[in-house]
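Written out below as structure tokens is the structure these notes cover.
The values are calculated or read from the model by the stated rules, or taken from the named source; none is laboratory data. For clarity, every value in this text was computed on a predicted model and none was experimentally measured. For neighbour counting, all protein chains shown are included, and Cβ atoms are generated from backbone atoms with ideal geometry for every residue, glycine included. Keep in mind that these areas ignore ligands, DNA and RNA; they rest on the heavy atoms of the full protein, side chains included. Shrake-Rupley method; radii C 1.70, N 1.55, O 1.52, S 1.80 Å.
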Amino acid sequence: MKFDSPATTNPIDNLKIVGKPTDRVEGPLKTTGTATYAYEYKDFPEKPAYGFVVGAAIAKGRIVSIDQKAAEASSGVLAIVNAANAGSLQTGKFYVDRMLAGPEIDHYHQAVAIVVADSFEQARAAASLLKINYKSSKGAFDLSAAKDSAETPHQGQFGPPPKTTVGDFEGAFSSAPVTLDETYTTPDQAHAMMEPHATIAHWQGDKLTCWCSIQQLNWGVRDLGSILRISKENIRLISPYIGGGFGGKGTVLADLVAASLAARAVGRPVKVALTRPLMFNNLTHRPATIQRIRIGANQDGTITAIGHESWSGNLRGGRPESAIASTRQLYAGANRLTHLRLAVLDLAEGGAMRAPGEAPGMMALEIAMDEMAEKLKIDPVQFRILNDTQVDPENPDRPFSTRLLVECLRAGSSRFGWERRSETPGTKRDGQWLIGMGVASATRGAPIAKSAARVRLSARGTITVETDMTDIGTGSYTIIAQTAAEMMGVELEDVIVKLGDSSFPESPGSGGQWGAASSTSGVYAACMKLREAVCQKLDFDPEKAEFSNGRINLGDRSVSLGEVAVGGEMVVEDEITYGELSEKYAQDTFGAHFVEVAVNAYTCEIRVRKMVAACHAGRILNPKAARSQVIGAMTMGVGAALMEEMVVDKRVGFFVNHDLAGYEVPVHADIPYQEVMLLDEVDRTMSPMKAKGIGELGLCGVAAAIANAVYNATGVRVRDYPITLDKLIDKINRFYP
């Protein structure tokens, strides 16, 4: 099926099952501990061995020698795999990091060996006996120090152009009556998902099967084939349940490569799970940024010039953090500039983390908008509304497909009680607590991609859906089941969904906020094909036949679905592809975040008291799942604002707080009342589902709303995240009346 014109009325519009706040269909498996995750598979022809990954003890340099005699003699050891005996390896197509290093070392805790033994404890003990002699060399670990050497990166497959200009930004900015020119920083951040990276690998001849934790299986088979230099047709990845990813499990990383190499070396299945302290420096992370934002405006608040420059660092050949993405489209302004620069750093690879680009970019942009509103003496909500645009600011001939930013700001401010905000910072108090309110706009792109599915109809009238789409805790199983049930006119319990197997038809997987809209559209296409096959078998007109209550009805004829398949299971497969609507229309999601904080006037402890999000993301396929996604993202935004920071030891080049004790994330006590408003308006240009993703929109802008609330409470403007009490305590006036 090709989707190349705006959607008209179709079976999804019946909304008998789609659009309802449906419980997770796989929920009972997860809550009873019977959902099987990557490291938990047990049914193998022989007992699996265990691999323990050893990370480099230096950040830059080379391995001079490895003495592994003691390790090899240790109890239960089967093999020790390193770069010298692993065979020729390449890199994948997405990450530039080498998943098994040697002799050259690119960053701290880069994998340098895998010790394989009969038990995990034996492998770990033997790993401690390896004697690796290194020669260190000078590395670059400090973004601020490397800033001047940063260069404009090449345009990559993902992300915005590295530099854009519209009009005469410099001239308009210099002549603007009111201007802002400030610098903001965001730190390195970790995905910190619950499930560690884990894989069980098993070779059968030249065929490799891996039970793993991968968000995008199509990328996974491609990249593993590239790294191991084998045909991707010989690889099968199985990943039905993933315990969180946030972009950190997008494709192949060290666990999958280590397990594959180890299993090949010992000739039996091998289990590998990365230890938590290794994950922070071995895997990918959200890289730090330095961002300069300049805004010029007339006295009436109309933006005349807006510029956003961002610096980030990565391994050589890596991608920049595209922090300028939101600024290209969020607000009007005739004269515009965006510019990315990338420095080479010898830290673990910077990669995608929930809302890459937009999340850190809006941490800066939305503070700048607040500062500009104050300079203009305009309410921050009204300032954003005043500069709304219904067309792409860089291309006025390209309208937004749907854009309800103003509606989100107005609805959110009303529900939140924005009128209670004090215009003068530091003047509202509750006992020893200073009270402040903040707002930020939200936007995130709404990409959609080719997706396929296989649908089966049994003689019992049940529908089985197969696609390699994954569920990282987002609700994929449920919305796919809802889609199939709606399309085929059956109850939800009559649908079986099978996900996370690369042998199934290909989807784009989970990531980039494209998973929900793409995968359900692929299921829609397959179900339309099944409807046509059923109608052809019954000699029904598919345009007139009604599928409902497990039956197909046309005129005075009514046949149960099961009857159609009595002679044998009916199986169809189809994919959905897209035309040029995304070029004709700017397809994005929008929202607004409102936050109330309390800051202790004496200790400067910050407490978030209330959060309201208003979101617009096309048709909401499942309001319960969508709300769950947004409140999770809001919680993540609290972490980004107030606590999350991977601290770099700039002397020796590694992230110091590389575990869940030192890397702080929000806990229940940190999170207040959260309310989510879903402005449900379909987008006919997206797909037959008329839906967009929402899982990353909920994060964008949250941290800035908190930062703005802290300023409103204290009068202290913090432009360097996270906002910790040490950045307030020597500036705050404790002697408020």
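Some points to look at:
- Amide H contacts of ARG319 (H built 1.01 Å from N, in plane; Pro and chain starts excluded): no residue 5 or more places away or on another chain comes under 5 Å.
- Over the stretch 606-736, the Kirkwood radius and the radius of gyration, each from Cα atoms, give a ratio Rg/Rh of 1.07.
- The slack between LYS163 and LYS16, meaning 0.36 nm per residue of separation minus the straight C-alpha distance, is 48.3 nm.
- Between the stretch 500-522 and the stretch 138-210, the alpha-carbon center distance in angstrom: 25
- Put a dot 7 Å past the Cα of ALA459, heading toward its Cβ, do the same for ASP4, and the two dots end up 4.2 nm apart.
- Label point 7 Å beyond Cα of LYS138 along Cβ direction - residues of the stretch 51-83 with amide nitrogen under 15 Å: 60-61
- For the stretch 382-396, 3J(HN,Hα) per residue [Karplus equation, 6.51 cos²θ - 1.76 cosθ + 1.60, θ = phi - 60°, Hz, x = Gly/Pro]: 5, 4, 5, 4, 4, 9, 5, 9, 9, 10, 4, x, 8, 8, x
- Of VAL25, ALA641, ALA190, farthest towards positive along the dipole that unit charges on Lys, Arg, Asp, Glu beta carbons give the chain: ALA190
- When each of the peptides 329-341, 284-296 is scored by how many other beta carbons lie within 10 Å of its residues on average, the order from highest to lowest is 284-296, 329-341.
- Only Cα pairs under 8 Å and 6+ residues apart enter the sum, and on that basis the relative contact order of the stretch 246-313 stands at 24 percent.
- Each part gets one Cα centre, and for the stretch 695-730 versus the stretch 532-547 those centres are 58 Å apart.
- Protection proxy ranking of 624-637, 357-370, 12-25 - average other beta-carbon atoms within 10 Å, highest first: 357-370, 624-637, 12-25
- Within-12-Å neighbourhood charge of VAL266 [Cβ basis; K, R +1; D, E -1]: +2
- Global form of the stretch 1-152, assessed from the alpha-carbon gyration tensor, a/c cut-off 1.5: oblate
- Label positions at VAL344 and VAL571, each projected 7 Å from the Cα along the C-beta direction, are separated by 5.1 nm.
- Cα radius of gyration and Dmax for the stretch 9-57 (Å): 20.7, 60
- Filtered GluC sites (Glu not before Pro), the stretch 447-549: DSSP coil and at most 10 other beta carbons within 10 Å: GLU543
- Checking every one of the chymotrypsin sites (Phe, Trp or Tyr not before Pro) in the stretch 139-177 against DSSP loop status and a limit of 13 other Cβ atoms within 10 Å picks out PHE158.
- Computed about its Cα centre, the charge dipole of the chain is approximately 980 debye, with only Lys, Arg, Asp and Glu carrying charge at their Cβ.
- Whole-Hz Karplus values for the stretch 454-464 come out as 10, 10, 10, 10, 9, 5, 7, x, 8, 10, 10 Hz, taken residue by residue from phi with 6.51 cos²θ - 1.76 cosθ + 1.60 and θ = phi - 60°; glycine and proline positions read x.
- Gained length - LYS731 relative to GLU72, 0.36 nm times residue gap less alpha-carbon distance: 231.4 nm
- Measuring nothing but protein heavy atoms, the accessible surface of the chain at 1.4 Å probe radius is 49 percent carbon and sulfur.
- Mean residue ellipticity (222 nm) of the chain, computed from DSSP H runs ≥ 4 via -39,500 (n - 2.57), nearest 500: -7000 deg cm²/dmol
- Between ILE496 and ILE230, residue separation times 0.36 nm minus the direct Cα-Cα distance comes to 92.4 nm.
- Dividing the C-alpha radius of gyration of the stretch 568-677 by 2.2 N^0.38 Å, with N its residue count, gives 1.60.
- Taking the DSSP beta bridges with both ends in the stretch 420-545, the antiparallel portion is around 60 percent.
- Placing a label point 7 Å from the Cα of ARG316 along the Cα-to-Cβ direction, the residues of the stretch 46-70 whose backbone N falls under 19 Å of that point are 58-64.
- Å² per residue, accessible surface of the chain at 1.4 Å: 37
- Answer label for volume of the Cα convex hull per residue in Å³ (calculated), chosen among (i) 189; (ii) 180; (iii) 161: (iii)
- Shape call, the stretch 94-136: gyration tensor on alpha carbons, a/c limit 1.5: oblate
- For a label point 7 Å along the Cα-to-beta-carbon line of ASP397, residues of the stretch 566-582 with backbone N under 17 Å: 580-582
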